[in-house]
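Below you'll find the structure, written out as structure tokens, and then a few comments.
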Amino acid sequence: MTGPVPPADPLARVAPAYGGGSLADVLPSALAVLGVPGVADPLGLAPGLAGVRRVAVLLVDGLGWYQLPTAAPYAPTLAGLAATAGRPLTSGFPSTTPTSLVTLGTGRAPGAHGVLGFTVRVPGTDRVLSHIEWADDPEPLRWQPVATRFEQARAAGVAVTVVSRPEYGGSGLTLAANRGGDYRGAADVDALAERMLAALAAGPGPTLVSGYHPDLDRHGHLSGVDSAPWRLAAAEVDGLLARLVDGLPPDAALLVTADHGQLNVPPGDRFDLDTDPRLRAGVRVVAGEPRVRYLHVAPGAAPDVRAAWSAVLGDAARVLTREEAVATGWFGPVSADHLARIGDLVVVCQGRYAVLATRSEPPMASRLVAYHGSDTAAEMTVPLIVVRG
């Protein structure tokens, strides 16, 4: 298998490889393997998985391609599988969990499905929606109107199961990303392995199982990539993979991927928009996250705000208008209904910099060690590991 060639520099800029090398291409190829009519196989998985009738897709939150060598001493199963059966893909943009989960689930780029960041402004209001705290306002099927690949698979006669934490069931993000699958709660890694394997073996017909494991990302955020807690989480991922591989039925395949990588951000590389009046002048609403900021500005203020942010941040970030950001292709084609969710200005951090909001966002967001969201290779490049039963 081939994929986008990762640059040697983890801080180099990477564009999403929509259409043949991105997270959006995983489920379409899985459905092609399962024989769902009219589905393309952009990753070319079907020839190597001929005869497979059951596919499990595991997303390990925060397991970026550039973290694989760091995890290897604590995750030998993962390291071996990545070396023999792995290839790089890109996430979509921003390289953040809500955007990536919906990109995976719909098989579409973010501009189509509209979940365009960790937080976004609700158009026509000054309200900022956090997609990980989203319940039913806005109504999920209106906010994210694109059918999921789980719905498509079920309509074609495939048995579909989604296994994730119990508390995520019925959330707005789960409905946006995973509707169409039977939801099974799994409170820990052991339950996740058990319920994924049980669903995979449950029936005689074509079967799709999706699993989600959040802990590596959480420990990266809280303690940093390669911290002691992160290493323990990597070892836990390794045990999960070993159980899944050992339990695969003969006619099954396991696809392992991730939503993004992570970067540790040094204390000296952090700006605070809430304590610098130059960064607050003319800005009505701030959304996004520390590595990618969406600025919604007062009427007519965009040129002055752009100049001020460019002067303060310098080489730490690029400051683009909405139109310039869309023209990069980061989001794929953006539906007219979704354009206003992107800021009037988009601030994309470079290197290891971040822009915090210590007063207007939850305090914990400013205390994290590792972040993601921008377009560096370390954040954007994720693995795809393919294992046959």
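Coordinate-derived values only; no laboratory data. From a predicted model like this one, the values you see are computed outputs, not experimental measurements. Here the Cβ is made from the backbone with ideal geometry for all residues, glycine too, and neighbour counts use every protein chain on show.
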message: Using 5 Å bins from zero, what percent of all Cα-Cα pairs in the stretch 178-300 falls into each bin?
response: 2, 8, 14, 15, 13, 11, 10, 9, 8, 5, 4, 2, 0
query: Hey, what does the equivalent ellipsoid look like for the chain, semi-axes from the Cα gyration tensor as sqrt of 5 times each eigenvalue, largest first, whole Å?
result: 34, 22, 18
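Gain in length, R142 to D315, computed as 0.36 nm per residue apart minus the alpha-carbon separation, to one decimal in nm? Display every interim value, and only then the final one.
Numbers: separation 173, 0.36 × 173 = 62.28 nm, distance 3.86 nm.
Length gained, R142 through D315: 58.4 nm.
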statement: Within the stretch 94-128, DSSP-loop trypsin sites (Lys or Arg not before Pro) with at most 16 other C-beta atoms within 10 Å are R127
- prompt: In Å, what is the Rg of the alpha-carbon atoms in the stretch 267-371, and how long is Dmax?
  reply: 13.3, 39
- prompt: Once both labels are modelled 7 Å past Cα along the beta-carbon direction, what's the I132-A202 spacing in nm?
  reply: 2.8 nm
- request: List, largest first, the extents of the alpha carbons of the stretch 290-345 along their principal axes, each in whole Å.
  value: 32, 25, 19
- prompt: How far apart, in nm, are the 7 Å Cα→Cβ label points at R87 and E323?
  reply: 3.8 nm
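Across the stretch 34-111, how large is the tail of the calculated P(r) beyond 20 Å, expressed as a percent of all Cα pairs?
Values: 1404 of 3003 pairs.
Everything past 20 Å amounts to 47 percent.
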- request: Using only Cα atoms, locate the centre of the stretch 1-59 and the centre of the stretch 329-373, then give the distance between them in Å, rounded to an integer.
  value: 26 Å
- line: Here the gain from full extension of A156 to A307, 0.36 nm per residue of separation minus their alpha-carbon distance, amounts to 49.1 nm
message: For a quick check: with amide H placed at 1.01 Å from N, whose amide H comes under 5 Å from S374's, ignoring anything fewer than 5 positions away on the same chain?
response: S95
